[in-house]
Structures are given as C-alpha cells and as structure tokens.
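Heads up, the thing below is written out as structure tokens.
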Amino acid sequence: MPGMGLTAIGLAGVFLSYLGIANTFLTGMQALSGLTMFVGLVFLSAGILSGGVSTSNRAKATTLVIFGISGSVGAFALSQNTNVTSLPRFVGVLLIIIIPTVVIAFTAMRMSQYLKPISVIFLLAMAVGIVSYSALGFIGPGAQFSLQPATVQNETAPNVAPTSNVPIVPVAILLNSSVNGNPNYQPNTVTAEKGNIIEWTNNDNVPHTVTSASDAGVTFDSSLITKNGGTYQLDTSKLNGTEYDYMCTIHPFMTGKIMITAPQKPIIANVTIVSGASTQSASQKYFDPEEMSVKIGTTIVWDNKDSASHTVTSGNKDTGPSGTFDSGLIKSGNTFQYKFSSAGTTEYFCTIHPWMTGKVTVG
C-alpha cells in the first residue's frame with residue numbers, strides 16, 4: 001500500500017523539522033514533509049476504503065516503522081517540550097486528522113450502512129470545533145486572536161547577555177551575500193574579548209543564519225535572521241574555546257570566523273563631585289574634571305565628596321535625561337560607576353542641581 005510508505009517518510013520529516021534536529025529542515029523542507037505526509041494519508045485512506053487493511057508482511061513492517069519513528073522521536077520531543085512549544089499543537093492537528101479518518105474508514109469497510117450518519121456527525125463536530133475555537137480566540141478568556149496588526153517584537157536569543165552595558169562588536173551580513181562568490185560577512189574574521197557581545201546585522205534582502213560549523217549549531221545557532229535589518233547577538237562569555245568557524249545553513253558557502261581573546265584589565269577613570277557643588281557660584285567647580293576623553297571600555301567612577309546628595313544622569317538640563325545612564329541619588333561619600341562601551345560623546349548633569357554638567361568623549 002503506497003500510502004503507508006509516504007506517510008512514514010512524511011511523518012519522519014515533519015518530526016525532524018519541528019524538533020530542529022537537522023538544520024537543513026528549514027521552512028521549505030517542513031512544508032515538503034507535511035505535504036508528503038498528507039498525500040500519504042490520502043493514499044492510505046483510499047487504499048483502506050477500496051481494499052481494506054492490508055495484512056501483508058510489508059504492510060506490517062511499514063506500520064512498525066511508522067510507530068517506531070513516532071514513538072521514539074515523539075517521546076524525545078515531549079521531554080524537550082519547554083523548547084519545542086509547537087509540538088502539542090502539531091500533535092493535536094494529527095489527532096484531529098487521524099481519528100475521523102480511522103473511524104470513517106472502519107465504518108465504510110465493516111458497517112457501510114452507517115457511513116453517511118457517522119460522516120455527517122464527524123463533519124458537524126469538526127465545524128463546531130473550528131467555529132468555537134475561532135470565536136473564543138477573539139472574545140473568550142485569554143483570547144489570542146486579533147484583527148489588529150501584530151506588534152513585532154525582537155526575540156532575544158538564549159545566549160544574549162542580560163545587560164546592555166557590555167561592549168558590542170558589530171558584524172554586517174552584506175547585501176547580495178546570498179550570491180556565491182560575493183563578500184558575505186564584514187569583517188569576515190571578527191575578534192572579540194571574552195565576555196563581549198558579537199552582533200550580526202542582516203543587510204541582505206534574504207534571511208540568513210549564523211551557525212557554528214564544526215558541530216552543526218550545537219555551540220551557537222541564530223536560527224533565521226530576518227532580512228533587511230534583522231539582528232542576532234552572541235554572548236561570548238558562554239564560549240569555551242578561542243576560535244570558531246561559522247556558516248549560514250541556507251547558503252553554506254557563506255563562512256566566517258570568530259576569534260576570542262582574553263579579557264583585558266579594566267580601565268578605570270575617576271570624577272569627583274566637588275565639595276560645595278550644590279551651591280551655584282561662578283567660581284565653584286562641580287565635576288572634576290568637567291570634561292574627559294577615554295577609550296572604549298573605560299569605567300568612570302563618580303565619587304560624591306559633597307555634603308549633599310547628587311545624581312549623575314546622561315543628557316542635559318535643556319532636553320532632559322537621555323536614558324543612557326542614571327545613578328539615582330548618590331549620597332555623600334558614595335560612588336556611582338558606568339562603563340562606556342561604544343564611541344561617541346555623552347553629556348551628563350545632576351537632575352537636582354541642573355547647573356552641574358559634565359561631558360565624556362569616548363574614542
């Protein structure tokens with residue numbers, strides 16, 4: 001019975017696709033596997049309706065293959081259910097298809113006089129289920145459907161650092177890098193200190209991936225990075241080696257390299273909040289020094305030597321806080337520190353005493 005073989009092949013492909021075991025099972029392969037499985041189910045149903053269930057050794061062996069694949073891979077998938085969130089929905093779809101198919105086929109073969117009423121009952125039940133699911137999805141408790149456009153949120157990969165105050169090393173996926181022979185990553189070999197964040201930005205018109213090449217994505221795998229500006233961040237503090245080759249699983253000719261270096265000794269610079277800074281005076285100094293130039297990665301420590309509390313807040317008194325950093329209240333004798341991880345000039349001031357201003361240039 002040809003439907004049994006097609007069903008087995010399609011079912012195996014769909015399970016592999018949903019589990020992410022094979023990186024080659026991307027969106028196109030998932031669709032092809034699903035199509036193969038459903039075509040197999042059609043042939044299988046047609047064969048059962050015309051000739052009954054086959055009892056040949058070949059049919060029995062194929063059935064065992066189907067149950068073996070479904071059982072073993074399904075059991076593993078259920079054990080990883082926190083990561084494979086789509087699996088329960090997929091199993092539910094299979095049950096919705098398989099149960100009516102088996103019942104209708106058995107009725108047609110053994111009790112054909114009841115075929116019409118049983119078919120009508122199942123079709124009505126499916127219609128009621130679809131309508132109820134759709135209605136409750138819009139208006140019921142915990143409704144998940146909406147006619148409003150969905151807000152796209154940038155998902156955070158598992159290995160992205162939880163803090164933004166970490167140096168970010170940028171890598172660009174170049175335009176037209178999907179054409180074999182064109183430049184792909186810029187820089188092609190990226191060097192970063194252990195603990196830094198490497199961020200890839202996809203400037204191409206098609207999706208790409210950043211996948212560790214030696215172990216097919218076990219060490220790191222971005223999944224699909226969306227076209228025209230999608231990003232992926234890799235936290236190098238979780239990497240154990242010093243050199244990693246990576247590739248795009250969609251376009252395997254796109255390859256690059258990561259070099260991890262040992263962290264350098266922290267660079268510290270000090271700024272004093274001068275005694276008497278809370279009093280505005282032409283001769284008074286507020287921050288010492290008021291302006292300073294530092295290297296990328298420098299941590300500046302503000303030490304409050306005044307008797308009053310102050311803040312160190314990015315921005316200025318005219319436009320207000322910029323949101324880059326804010327110390328909150330720094331009491332007398334306490335300190336606040338911030339690490340400058342990217343080049344540029346940042347103004348800051350005290351929100352309580354806005355005449356107190358300073359500037360940091362990073363380069």
Skipping prolines and chain starts, which residues have an amide H placed within reach, meaning under 5 Å, of the one on HIS251, given they are 5 or more residues away or on another chain?
THR209
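Can you give the FRET efficiency to the nearest 0.05 for GLU290 and LEU174, using r as the Cβ-Cβ distance and R₀ = 51 Å?
The calculated FRET efficiency here is 0.75.
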Under Karplus coefficients 6.51, -1.76 and 1.60, residue-wise ³J(HN,Hα) of region 123-130 in Hz, glycine/proline x:
5, 5, 4, 5, 5, 4, x, 5
Return the FRET efficiency for the residue pair GLU199, ILE118: r is the Cβ-Cβ distance, R0 is 41 Å, and the value is rounded to the nearest 0.05.
0.10
Amide H to amide H, which residues 5 or more places from ILE352 or on other chains are under 5 Å from it, using H placed in the peptide plane?
THR311
Can you list residues from other chains, or at least 5 along the same chain, whose modelled amide H is less than 5 Å from the amide H of THR298?
PHE340
From the phi angles alone, apply the Karplus equation (6.51, -1.76, 1.60; θ = phi - 60°) to region 106-113 and give each ³J(HN,Hα) in whole Hz, x where the residue is Gly or Pro.
5, 5, 5, 7, 9, 9, 4, 5
Between SER342 and SER283, what FRET efficiency comes out of the Förster formula 1/(1 + (r/R0)^6) with R0 = 45 Å and r the beta carbon distance, rounded to 0.05?
0.80
Say the cut-off is 28 Å between C-alpha atoms; which of LYS194/LYS317; LYS305/LYS339; LYS285/LYS317; LYS227/LYS359; LYS317/LYS339; LYS194/LYS339 go over it?
LYS194/LYS317; LYS227/LYS359
Extension gain, ASP318 back to THR191 (0.36 nm per residue minus Cα-Cα distance, nm):
41.7 nm
Could you run the Karplus curve 6.51 cos²θ - 1.76 cosθ + 1.60 with θ = phi - 60° over region 248-255 and give me ³J(HN,Hα) per residue in whole Hz, x for Gly and Pro?
9, 5, 7, 10, x, 6, 7, 10
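A short reminder: the numbers here are calculations on the coordinates, not readings from a lab. Predicted model, so just to flag it, every value in this text is computed and none were measured. Don't worry about glycine lacking a Cβ; one is built from the backbone with ideal geometry, like all the others, and counts go over all protein chains shown.
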